[in-house]
Every structure is written in C-alpha cells, then in structure tokens.
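Each remark here refers to the structure printed beneath this line.
The values are calculated or read from the model by the stated rules, or taken from the named source; none is laboratory data. Just so it is clear, the model here is predicted, and its values are computed rather than measured. Counting neighbours? That spans all protein chains shown, and the Cβs are built from the backbone with ideal geometry, glycine included.
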Amino acid sequence: MNDLIKKLVEAYGPSGFEDQMRDLIRPEIEPFAGEVRVDAMGNLIAFKKGSGEGLRIMLAAHMDEIGVMVSHITKKGFLRFTNIGGVFPHTLLGNRVQFADGTVGLIYSDRIEDRSKVHPLNKHYIDVGVSSKDECTVKVGDAAGFKRDFLAQGNRLTAKSMDDRIGCVVAIEAMKQLESSPHDLYFVFSVQEEVGTRGAQAAANKILPDVGIALDVTLTGDMPEARTMAVNLGEGPAIKVKDSGMIAHAGLVRAMRERAEESGIPYQFEVLDGGSTDARSMQIAGPGSAAGCISIPCRYVHSQSETVDLNDVKNSVNLLVELLSKPLNL
Ligand code: CO
Ligand code: ZN
C-alpha cells in the first residue's frame, strides 16, 4: 500500500487544479468499477452496481490539497501569493512549493523585526530562482502545492497531503477488496474540498444518495498540550459523531460501530470542535441524506508533515468494506 500512498501524497493538486491527481487515480480504479466518469467540476466518479435491494451510497474522498496562488510578481521576479484553503503563516518560512509544470519555489518573508511574531501571508513571497519578472515562467493565477517527500518510519506515515490523499487510498483499497455489495456505490474523488466542500456538493446534488460517507482525516489529541480530543493515533479509525459542519446520522454511526465490533476492528468516536468534510455537503444535498464519516486520525493537519498510522489506514479500509458489503439498517 505504501507505493500507492507515496504516489498520491507526493503529487500536485491544489484545489481547482486536480487534473494530475485525476490522471493518477483513474487507472487505479478502472479495473474495479462498472463505469468511471468525470463531471463538469472535475470530480472523478466511479460507479459499482449493487447486487440486491440495497441503498444508493456515495463515498467521498477529496483529491485536492491546500496550496497557494500567485497574486502579483515584483520587478525582480518574486511572487506574492494568496492562500488556497487553510494555509497557516507559521507553517511557511523556508518551505517549498511546486507548480503544475514542476517549477519549485522557496518561501520566505519580509524582514522580521520581532522574531516572536509571525508575518501574515501577504508579507511572504516565493523565490523561483529568477532575477526579473521577464525571466519568470510562472504567471499570476498559477497555483502551487507544497513540496515534501513521503516518509515512512515504522507504522508512521508522513506527507504534505495526507489530507486527503490517504482518504483516496482508503477508497481505492476498499474498491479493490470489496467482493460484492447489495448497494449501488458511487466512489467520488472530489475536487475543491479545502475551499468549502464544493466538488462533493455538486456531485451529491446529481447522485442524490440515500447515504453519504466521507473518508477524510481528523485531528488527534495525543501530542504535547494538544487540544482536548479523544482521538489518538494508532487506536483505530474514528467514527465521526460531530464536527462544526455536521452531526452524523445516528443510525449510520451505530451501523459503523456494530460492523467494527462484529469484525474486531478497533475504533474510536470523533467529536471535532472545528472543521468539516464532504459529509456536510452530502448530508444537505437534494432532499438530504444519512451522512457520516470514517476519519483517519492525523497529527499536524495542514502542515507539511501530516502524519497517520498505517494500521489506522488498514482498519479504515476494513471498516468501510464491512459496512458496504452488508445490508444497512438505519
Ligand atoms: Co484539509
Ligand atoms: Zn480533508
């Protein structure tokens, strides 16, 4: 699984610029889907027909990642930029970004008087190794994602975009392992989640699922002076109960817990005070759906060292396969 993870987490794909991600994922899922299509916004949608009297279930994992967009270029060729999604200024200094054509940029900030403070985003710039605006091949409106190699240390896996390439991996692995399902399944690799779950919203309004399940990362409470949160790395997939955008469907939460207990899959309950996922979009699309989320616990979310545990990833796949392969009584 690590080869697939490495391939996806190192790839380029800030929100709105997911085409390279789509090209990477498509061949992985085509052998396991009845039909694969791309909608107008760019969501990659794989359909697997059910074998019985099941429900219409939409799964969503987002292909996009946070990043930056060039807003201005100085005479000397330095790039000012704005954020794409939740980019925090204190994660920037000395980091590297990569543009669609492979150009690498170095981030630094204007002179700092007081080193105990962090400059806001608009006082940072990107250096792409040129001396003038004319030499610069990058243009205003070009987007970059962060650049950082994948790292595997024992079971700990670290990358710049576990959020949410690891959710994409869970969806792909579940498609591979799922032998049969009574349900009609729509695996959606969504776009523009990091700017407000926009892709999943459009897809869900077309699919009109009975059940919507997001596959995404969540925060943990197990680092020094972390937020108080009962989710720990390595203790199993987190069954989302609530975040700031959604209260999960109680019947779906119960079904997830029962499938986990029957199969001996470790699990935790997630109550996240902040953030949301594609599940919110699915919950309130069309006439509404029973929505929930299988969350992969992740430390250092929205930094360039987002870290998950391989066993949590495998158990997320197992839980999803158990859930989808049996009838669902909500
Ligand atoms: Co995110
Ligand atoms: Zn995410």
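Miscellaneous remarks
- Any hit, segment 109-130, residues being among the aromatic types (Phe, Trp, Tyr) and free of Cβ contacts under 8 Å to residues at least 40 places away in the same chain: no
- Yes/no for residue 188 being part of a strand (DSSP E or B), within 16 Å of ligand 2 (Cβ to nearest atom), crowded, with 24+ Cβ neighbours inside 10 Å and of a type in the set (Val, Ile, Thr): yes
Per-residue answers, yes or no, for (1) among the charged types (D, E, K, R); (2) away from ligand 2 (no atom under 16 Å from the Cβ); (3) crowded, with 24+ Cβ neighbours inside 10 Å:
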| position | (1), (2), (3) |
| --- | --- |
| 241 | no, yes, no |
| 252 | no, yes, no |
| 285 | no, yes, no |
| 289 | no, yes, yes |
| 294 | no, no, yes |
| 322 | yes, yes, no |
| 329 | no, yes, no |
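- In segment 267-287, the residues that are within 28 Å of residue 234 (Cβ to Cβ) and within 15 Å of ligand 1 (Cβ to nearest atom) reach residues that are part of a helix (DSSP H, G or I) and of a type in the set (A, V, I, L, M) with C-beta atoms within less than 9 angstrom, at least six apart or across chains, in these pairs: 277/200; 278/200; 278/203; 278/204; 279/200; 280/200.
- Restricting segment 153-167 to residues that are charged (D, E, K, R) and out of contact with any Cys (no Cβ under 7 Å at 6 or more places or on another chain), the residue that is farthest from ligand 1 (Cβ to nearest atom): 156
Results for (1) within 16 Å of ligand 2 (Cβ to nearest atom); (2) acidic (Asp, Glu); (3) within 30 Å of residue 236 (Cβ to Cβ); (4) assigned by TED's automatic domain parsing to the domain that holds residue 304, shown as yes or no for each residue.
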position: 85; (1), (2), (3), (4): yes, no, yes, no
position: 94; (1), (2), (3), (4): no, no, no, no
position: 98; (1), (2), (3), (4): no, no, no, no
position: 128; (1), (2), (3), (4): no, no, no, no
position: 152; (1), (2), (3), (4): no, no, yes, no
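- Annotation: of all residues in segment 300-311 being within 14 Å of ligand 2 (Cβ to nearest atom) and assigned to a strand (DSSP E or B), the one that is farthest from residue 157 (Cα to Cα) is 306.
Rundown of residues vs (1) surrounded by fewer than 24 Cβ atoms within 10 Å (Cβ to Cβ); (2) aliphatic (A, V, I, L, M); (3) under 13 Å from the mean Cα position of the chain (by Cα); (4) not in a helix (DSSP H, G or I), yes/no style:
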position: 163; (1), (2), (3), (4): no, no, yes, no
position: 166; (1), (2), (3), (4): no, yes, yes, no
position: 170; (1), (2), (3), (4): no, yes, yes, no
position: 173; (1), (2), (3), (4): yes, no, no, no
position: 180; (1), (2), (3), (4): yes, no, no, yes
position: 193; (1), (2), (3), (4): no, no, yes, yes
position: 200; (1), (2), (3), (4): no, yes, yes, no
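- Scanning segment 51-74 for residues that are more than 16 Å from ligand 1 (Cβ to nearest atom), surrounded by 18 or more Cβ atoms within 10 Å (Cβ to Cβ) and not in a loop (DSSP other than H, G, I, E, B) returns 57, 58, 59, 69, 70, 73.
- Residues in segment 7-44 that are outside any loop (DSSP other than H, G, I, E, B), among the hydrophobic types (A, V, I, L, M, F, W, C) and in contact (Cβ under 8 Å) with a residue 40 or more places away in the chain: 8, 9, 21, 25, 29, 32, 44.
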